[in-house]
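Comments concern the structure below.
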Amino acid sequence: MKWIRVILSLGLTGLLVWFCHYQQVISGTAVPPLGKFLNPQGGFWQNAEIPGSPPISPALDLPVTNPVSVVFDSLLVPHIFAETNYDLYFAQGYITAQYRLWQMEFQTHYAAGRISELVGEAAIPLDRTNRRLGYVDAAQNALSNMGKDPAIMESVDAYADGINAYINSLSYKDLPFEYKLLGYEPEPWTTLKSGLLLIYMGSNLTARDYDLQNTNMLKMMGMERFEFLFPSYPEGIDPVISPNHTWDFDPTPITVPDSPYYEAYTPEVIAMSDPANGSNNWAVNGQKTQSGNPILANDPHLGLNLPSLWYMIQLHGPDVNVKGVSLPGAPSIIIGFNDSIAWGVTNGTQDVRDWYAITFRDETKKEYLYNGEWLKTQFNVEEIKVRGGEAFLDTICITHHGPVVYDSEFPSATEELRGYAIRWTLHQPREEMYAFYRLNRAQNYADYEEALPRYGIPSQNFVFASAAGDIAMWQQGDIPLRFPRQGQFLMDGTTPETQWQGIIPAEQNPRQLNPERNFVSSANQVATDESYPYYIMDNGFEDYRNRRINNRLYEMDSIQVRDMQALQQDNYGLKAAENLPFMLDTLDVTQLSSAENEVFELLSQWNYQYELEEKGAVVFELWWDTLYSMVWDEFARDDIAIRWPDHYRTSQLMKEFPEDTAFDIMTTQKRETAVDLIRKSFSVATNLYSEAKEEDKGTWGPYKTTRLTHLSRQQGLSVSGLQTNGYRQIVNATSQGHGPSWRMVVEVGETPQAFGVYPGGQSGNPGSTYYTNFAETWRTGQYYPLPLLIRPDSTSATIMVQRITPSN
C-alpha cells in the first residue's frame, strides 16, 4: 500500500506539473499555463511597472546604419531623430512594438482569420467569414503595389525589421501580458502583416452595406414604397462640398441595363462594421481666425478600445519632420501635421462593395454561368487551425466577381446551386502607404494634390490646411462607376450588364480648394448635392452633426484654437431640437397624468444639451427610442434580414406624412397615426424614466456611461463607468463604447500650434500607469500640447532619451 501511495503521489504531482506548465482547453475555453503565468520570476507579475517609471533602456545596440535618438516626453510620446529613412522607420517599428506588440499582432490575426488559433472553436464562424471575404489576398495585392515604389517598400521593410528586432529581444518574462494570458508567443513580423493591418482598417470603415436586406425589402414592398422609405438623396442635408459647386470635367458616360436586380430572400447576413464609424473634420482659413492663420480640427469616431487604436509619435528624418498619430502595425503618420501643413480624415462612407448572385452548373460548383457561358470556378481550401481541437477546412469558390461568401453551407443556406459573390474595392491593388508617406512630407497644396490620387480604400474626406493659407477638402478613394441604384440590391451575376463600369477618376472625385465660405468641413454626410454627375451611394449618410458644424462655422469669427476645441466638445442635440417641439405640441396636456406633466415640464425647459447633469437628454432618448420602435414594428422580424429607415427619414414622415401606414401598429385593429404613436410612446417613456430614476440614472452622466473595452473583451483589462457628455448624432459623438478616438486641433503658421488627446494611453501594458493615463483628460474635454521638436534637446519635458547605436 505504501508503494501504491508513493506512485499515486508522484503521478498526481507529475500531472499537476504538466497541467500548470502547458496551456489547457477546458469546455472550449483556453486556459493559460498557470505555473508559468503565476511564476513571480517570469509570469504576469513581471508586467507590473513602477508608477511613472516606464522600462526604457537608455542605450540599445540594434542593426541601424547610423545613431538614432528617441526622446520620450512626459506623456511617453517618442520623438525619433534619425539620419536615414531606413533608420527612422526601423526605430518606429521597434518603439511601437515595445508598447503595442500584442495589439498589432492580434489585429492582423483577426484580419487573417486566425482567431481560432488563439481562443478555440468559438471563433470558427468569425474566421470563416474573414477568410471568405478575402482579406489575405487583398493584403497581398496591396503589398505587391507597395513594391513598385522603392521608398515606400523601404519604409515597410524597415518597419518590419524594427519590430522583429524587438521580438527577438524578448524572453517569456518580457512578453506582453496578453500573450501570457492567452498562452502563446509572437510570430516574426512580415510586411504582409502591415498590409493586413490596413485591410483591417479598410474593412472596419467599408464593411457595411444593405444590399441583401434591401433585396428582401424590395421583394416585400416594391420599388415605389422602397424609394419612399429610403430616398437616394436625403433632403435638407448640407453636403461636404459646398452646394452649387462647378464640376469642370467631362464625366464618363454610364450605361443603364433594363433588369439588373436578382430576386431572393436572405434570412441571415454576415456581421457588418459599426454604423457609427464616422468622424468630424474641418478647416477654417485666415479670414475667420484671430491670428490670420488657418486652423484645422479632426476627431475620428471609432470603437473606444484598449490599447488605443492610435499611437502618438514624432518622426524626424532627412526629408521629414512630422507629428501625430500612427496605426500600430504600419509605418508613417496617419493624421497629423508638420511645419507647413496639417491634415485629417473622416470616413467618406461610400458603398464600395456589391453582391452578385452566382448560378452554378451543378452541385460540384466547378462551373458558373456568365454571359451565356459556363466559366471555371477556382477553389481555395482554407485550413483554420483550432486551439484544442481539429483543424477546420473551408472550401471557398472564387469567381471573376470575387469570392463566394454566401453559399448552401454558410452563413445561412442559399439554394443549392446559388451563391453570393462579393465585388469590393478592397481586393484591388492600392497604394494607401504612398499617400501617407507623401502627406508626411507635404509642404503645400501641390504636394497634397500629388499624394492623394493613389489612395484607394476606405474612401476618406481628407481635410487640409497649410501655412501658405490654403484650406481644402478631397473625398478620395476608389469609388465604382455605377448606374443609379446599382449596388443597393443583390445584382444578377450572370450578365455583364451589372458589372462596374470602371472607377471614378481620382481627379473627378468630390474636392474643393479655398471655398468662398472660408471653411471646409465633413461629418460623414453625402459628399455633394445632386449636381455631381456621378451616382454615389451609401446606406447611412449622416444627417445631423454636419449641419450643426456648418451652422456654427458660418456664425463664428475671430476663431482661436480654443474655439475649435469647444466645437469638438459641442453637445447640442440637433435631432432633439428639430423634433421635440413638434412632439410636445402633439400632446394634449389636459389628458396627462401628474407624472407625465412633470416630464412634460422637464422637456419643455430642456436646452437640448447632452451634458452630465441634464435630465432632458435621458427622457428624450427614452421617448425617441420607444417611438422609433413603435413606428417600425412591422420590421421587427427575426426570420429575414431587414433594415429600418433612419431617424432623419422617420422625422420627415412624422411631420409631413403623419397618416402614412408606417404609423399603424400591426397588432391592433385601430388605424394609428403619428399623433397616436407620439402620445402612446410618451406614456411608455414616462414610466421608463421613473425606473431610470429609481436606479440613480435620472441624469445623462450615469444613464449613459462610456466604456473603453480591451481588444480581448476581458472586463478586468477594460475601463467602464466613465461619465461623458455627448452622444450619437451629436458633434461630440461619444456614446457607450464609441466616439472620438483621437481629437486634434492645429493652427498652421510660422510655428505650428497643435493639441491632441485620445482615450487610453501610450502603453499597451495594463500594468503601466501609461495604459489609461489620458482617459480622464479625454473624458473632461481637455487637450495636451503637441510641440513639434526641431532637435532632440529642444524640449524640457523629457523623461528619457534612448540612444540607438549600430550593432555592426
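The values are calculated or read from the model by the stated rules, or taken from the named source; none is laboratory data. Here the structure is a predicted model, which is why all the values come from computation and not from measurement. Cβ coordinates were reconstructed from backbone atoms using ideal geometry, including for glycine residues, and neighbour counts include every protein chain displayed. All accessible areas refer to the heavy atoms of the entire protein, side chains included, with ligands and DNA or RNA removed. Shrake-Rupley method; radii C 1.70, N 1.55, O 1.52, S 1.80 Å.
Put simply, of Asn524, Asn550, Asn518 the only residue that is at pLDDT 95 or above and on the phi > 0 side of the Ramachandran plot is Asn518. Here Ala472 meets each of (1) part of a strand (DSSP E or B); (2) under 28 Å from Arg131 (Cβ atoms) with one exception, condition (2). Which members of the stretch 335-349 meet the condition of being open to solvent by less than 10 Å² (accessible area, probe 1.4 Å) and in a loop (DSSP other than H, G, I, E, B)? Hits for the stretch 335-349 are Gly348, Thr349.
Residue under question is Gln92, and the condition is that it be open to solvent by 10 Å² or more (accessible area, probe 1.4 Å) and either modelled with pLDDT of 95 or more or under 29 Å from Lys323 (Cβ atoms) (or both); does it hold? When the stated conditions are applied, Gln92 does not pass them.
Can you confirm whether the stretch 201-214 contains a residue that is touching a Gly at 6+ places or on another chain (Cβ under 6 Å), more than 26 Å from Ala451 (Cα to Cα) and in contact (Cβ under 8 Å) with a residue 60 or more places away in the chain? No, that holds for no residue.
The residues listed here are Met433, Met491, Met473; of these, the one that is aliphatic (A, V, I, L, M), more than 30 Å from Ser340 (Cβ to Cβ) and out of contact with any Leu (no Cβ under 7 Å at 6 or more places or on another chain) is Met491. So is Glu383 assigned to a strand (DSSP E or B), open to solvent by 50 Å² or more (accessible area, probe 1.4 Å) and modelled with pLDDT of 95 or more or not? Criteria met by Glu383. Pick from Glu596, Glu656: which is more than 29 Å from the chain's Cα centre (by Cα), closer than 23 Å to Glu542 by Cα and of a type in the set (Asp, Glu)? Residue meeting the stated conditions: Glu656.
Taking the numbered list (1) open to solvent by 30 Å² or more (accessible area, probe 1.4 Å); (2) among the small types (Gly, Ala, Ser); (3) at pLDDT 95 or above in turn, Ala112 passes all entries but (1). Evaluation of Pro785 against the conditions (1) open to solvent by 20 Å² or more (accessible area, probe 1.4 Å); (2) farther than 19 Å from Gly336 by Cα; (3) at pLDDT 95 or above shows that the sole unmet condition is (2). Please determine whether any residue of the stretch 126-140 is within 24 Å of Glu154 (Cα to Cα) and without any contact (Cβ under 8 Å) to a residue 60 or more places away in the chain. Taking every residue of the stretch 126-140 in turn, at least one turns out to be within 24 Å of Glu154 (Cα to Cα) and without any contact (Cβ under 8 Å) to a residue 60 or more places away in the chain.
Does Leu612 satisfy the criteria of being of a type outside the set (Gly, Ala, Ser), more than 26 Å from Asp664 (Cβ to Cβ) and in contact (Cβ under 8 Å) with a residue 60 or more places away in the chain?
Details: of a type outside the set (Gly, Ala, Ser): yes; more than 26 Å from Asp664 (Cβ to Cβ): yes; in contact (Cβ under 8 Å) with a residue 60 or more places away in the chain: yes.
Against the criterion (of a type outside the set (Gly, Ala, Ser), more than 26 Å from Asp664 (Cβ to Cβ) and in contact (Cβ under 8 Å) with a residue 60 or more places away in the chain), Leu612 qualifies.
Condition test on Asp543, is it touching a residue at least 40 places away in the same chain (Cβ under 8 Å), open to solvent by 20 Å² or more (accessible area, probe 1.4 Å) and assigned to a loop (DSSP other than H, G, I, E, B)? In short, no. Scanning the stretch 408-434 for residues that are without any contact (Cβ under 8 Å) to a residue 24 or more places away in the chain and open to solvent by less than 40 Å² (accessible area, probe 1.4 Å) gives a single hit, Ser408. If you check Lys365, Lys323 for being assigned to a strand (DSSP E or B) and either over 25 Å from the mean Cα position of the chain (by Cα) or not hydroxyl-bearing (Ser, Thr, Tyr) (or both), only one passes: Lys323. For the stretch 347-379, a residue qualifies if it is under 29 Å from Met153 (Cβ atoms) and touching a residue at least 60 places away in the same chain (Cβ under 8 Å), and the qualifying residues are Asn347, Gly348, Gln350, Val352, Arg353.
Each row is one residue, and each column tells you yes or no for (1) crowded, with 16+ Cβ neighbours inside 10 Å; (2) within 25 Å of the chain's Cα centre (by Cα); (3) closer than 30 Å to Lys575 by Cβ.
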residue	(1), (2), (3)
Ser169	no, no, no
Leu175	yes, no, no
Glu178	yes, yes, no
Pro188	no, no, no
Tyr210	yes, yes, yes
Gly222	no, no, yes
Phe226	yes, no, yes
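Which residue out of Val352, Val320 is more than 17 Å from Leu197 (Cα to Cα), crowded, with 22+ Cβ neighbours inside 10 Å and in contact with a helix residue (DSSP H, G or I) (Cβ under 9 Å, 6 or more places away or on another chain)? Of Val352, Val320, the one residue that is more than 17 Å from Leu197 (Cα to Cα), crowded, with 22+ Cβ neighbours inside 10 Å and in contact with a helix residue (DSSP H, G or I) (Cβ under 9 Å, 6 or more places away or on another chain) is Val352.
Quick one: would you say Gly120 is open to solvent by 10 Å² or more (accessible area, probe 1.4 Å) and either touching a strand residue (DSSP E or B) at 6+ places or on another chain (Cβ under 9 Å) or free of Cβ contacts under 8 Å to residues at least 60 places away in the same chain (or both)? Talk me through it step by step, then tell me what you get.
Working: open to solvent by 10 Å² or more (accessible area, probe 1.4 Å): no; either touching a strand residue (DSSP E or B) at 6+ places or on another chain (Cβ under 9 Å) or free of Cβ contacts under 8 Å to residues at least 60 places away in the same chain (or both): yes.
No, not satisfied.
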